[in-house]
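So the structure is just underneath, and the comments pick up after that.
The values are calculated or read from the model by the stated rules, or taken from the named source; none is laboratory data. Only a predicted model underlies this, so the values are computations on that prediction, with no experimental measurement involved. Quick reminder, even Gly has a Cβ in these numbers, built from the backbone with ideal geometry, and neighbours come from all protein chains shown.
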Amino acid sequence: MNKLGSEFLKEFDNYERPIAFGMTKRLLVMMVGIGIVVSITITISLMGLSEIFMYLVALLIAPPFVIYGLGFDESFKDKVLFNLKVQKRAYITEFEEGEEFTTDDFKSWKKIKETDES
């Protein structure tokens with residue numbers, strides 16, 4: 001049986017449900033990732049290492065957790081799949097090959113008046 005709808009939109013049954021603390025799995029992973037990044041940066045600053053190293057570590061570790069947590073990965077994947085999918089379009093026209101138009105083809109030869117003169 002054929003399924004109605006789009007192949008690019010999620011089905012209604014596939015939406016994520018809250019797991020713990022009213023958060024979905026994605027948000028939970030993002031919060032854990034942010035916690036890891038904060039703990040690492042605090043550890044680096046307490047050890048007295050350079051701030052550039054702390055910022056570099058934070059900028060390398062945090063984005064994957066944030067991208068996954070906010071769902072940007074799915075929207076990016078959907079856009080890429082849409083652009084890579086072969087799309088066949090068929091158009092029905094009444095134009096036949098070999099038929100050429102002249103300048104007189106689009107003139108109205110009938111004496112048609114738009115007002116009633118009775």
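Could you tell me whether Ser50 is at pLDDT below 90 and more than 29 Å from the chain's Cα centre (by Cα)?
On the way: at pLDDT below 90: yes; more than 29 Å from the chain's Cα centre (by Cα): yes.
Yes: the conditions hold for Ser50.
What number goes with the only condition from (1) without any contact (Cβ under 8 Å) to a residue 12 or more places away in the chain; (2) over 23 Å from Arg17 (Cβ atoms); (3) of a type in the set (Phe, Trp, Tyr) that Phe82 does not pass?
(1)
Filter region 33-71 for residues that are of a type in the set (Val, Ile, Thr) and closer than 18 Å to Glu16 by Cα and give the result. Outline the logic, then answer.
Quick first cut of region 33-71, residues of a type in the set (Val, Ile, Thr) only: 34, 36-38, 40-44, 52, 57, 61, 66-67.
Residues satisfying the conditions are Val66, Ile67.
Tell me the residue from Met1, Met23 that is surrounded by fewer than 10 Cβ atoms within 10 Å (Cβ to Cβ), among the aliphatic types (A, V, I, L, M) and at pLDDT below 90, please. Talk me through it step by step, then tell me what you get.
Working: Met23 fails: surrounded by fewer than 10 Cβ atoms within 10 Å (Cβ to Cβ).
Just one listed residue meets the conditions, Met1.
Could you grab me the full set of residues in region 32-53 that are under 18 Å from Val66 (Cα atoms) and surrounded by 14 or more Cβ atoms within 10 Å (Cβ to Cβ)? Walk me through it before giving the result.
So the first thing to find is which residues in region 32-53 are under 18 Å from Val66 (Cα atoms), and the list is 32-41.
Correct list: Gly33, Ile34, Val37, Ile40, Thr41.
Pairs please, first residue from region 50-79 and on the phi < 0 side of the Ramachandran plot, second anywhere and surrounded by 13 or more Cβ atoms within 10 Å (Cβ to Cβ) and of a type in the set (Asp, Glu), Cβ atoms under 7 Å, 6+ apart in sequence or on different chains.
Ile67/Asp73
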